[in-house]
Amino acid sequence: MRLIKILLVLQLIISLNSCGPLAYKKTDARKVDWDPDKRVAKNLAEGKGLKIFDSKKGFGTTTYEFASSNELWRATLDTIDFMPLTTANYSGGIIVTDWYSDNQNLNENIKITVRFLTNEIRSDALDLKIFYRTCDTSNKCKIIEKEGNLSRELKKEILKKAVTYQQQVKNKKDKKD
């Protein structure tokens with residue numbers, strides 16, 4: 001036990017020493033360039049620091065994709081907004097709704113799963129599955145997947161809205177230019 005305490009104290013002394021004056025060289029503030037870009041370039045040339053972005057691309061050319069900028073994602077959420085969501089994962093490209101009933105027949109429910117295969121607005125960009133659950137009076141339920149008219153209509157509506165959103169974004173960009 002005593003040996004462990006000695007080793008921990010020794011480790012602490014070595015760790016604290018690495019943060020001290022031996023680790024850093026003192027610099028005169030009057031000799032350091034005030035322009036941050038020049039300081040960064042100098043540090044990178046000397047091998048100091050960490051290079052996160054490619055110097056050819058620069059810092060201002062990074063593009064970010066957010067769910068609100070993807071027309072297909074927005075159109076899907078707007079189309080199925082009447083259903084409660086279980087999962088909506090933009091980075092995973094999936095939306096799963098909870099079981100939904102229209103209150104006309106409480107023994108029949110539907111659940112929709114939408115997988116995004118691409119961000120492009122086209123008919124094969126979505127994998128839309130509809131599951132039907134029917135329960136009897138003893139609460140024994142049967143779940144089946146059906147591809148039918150509802151699936152085609154939802155997909156068609158999502159694609160129409162996505163095209164509309166894409167046109168709105170294009171018109172907005174044209175007005176800025």
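The values are calculated or read from the model by the stated rules, or taken from the named source; none is laboratory data. All values reported here derive from a predicted model rather than from experimental measurement. Positions of Cβ are generated from backbone atoms using ideal geometry, with glycine treated the same way; all protein chains shown enter the neighbour counts.
Quick one: in the range 111-129, of everything that is β-branched (Val, Ile, Thr) and without any contact (Cβ under 8 Å) to a residue 24 or more places away in the chain, which residue is nearest to Ile80 (Cα to Cα)? It would help to see each step written out before you state the result.
Just the residues of the range 111-129 that are β-branched (Val, Ile, Thr), to begin with: 112-114, 118, 121.
Adding the requirement that they be without any contact (Cβ under 8 Å) to a residue 24 or more places away in the chain leaves 113, 118.
Details: Thr113: 11, Thr118: 19 Å.
Only one residue tops the list, namely Thr113.
Does the range 145-167 include one or more residues that are in contact with an Asp or Glu (Cβ under 7 Å, 6 or more places away or on another chain), part of a strand (DSSP E or B) and free of Cβ contacts under 8 Å to residues at least 24 places away in the same chain?
The answer is no, given that none of the residues of the range 145-167 is in contact with an Asp or Glu (Cβ under 7 Å, 6 or more places away or on another chain), part of a strand (DSSP E or B) and free of Cβ contacts under 8 Å to residues at least 24 places away in the same chain.
Of the conditions (1) among the β-branched types (Val, Ile, Thr); (2) touching a Phe, Trp or Tyr at 6+ places or on another chain (Cβ under 8 Å); (3) modelled with pLDDT under 80, Thr113 satisfies every one except a single condition; which number is it?
Going through (1) among the β-branched types (Val, Ile, Thr); (2) touching a Phe, Trp or Tyr at 6+ places or on another chain (Cβ under 8 Å); (3) modelled with pLDDT under 80 one by one, Thr113 breaks only (3).
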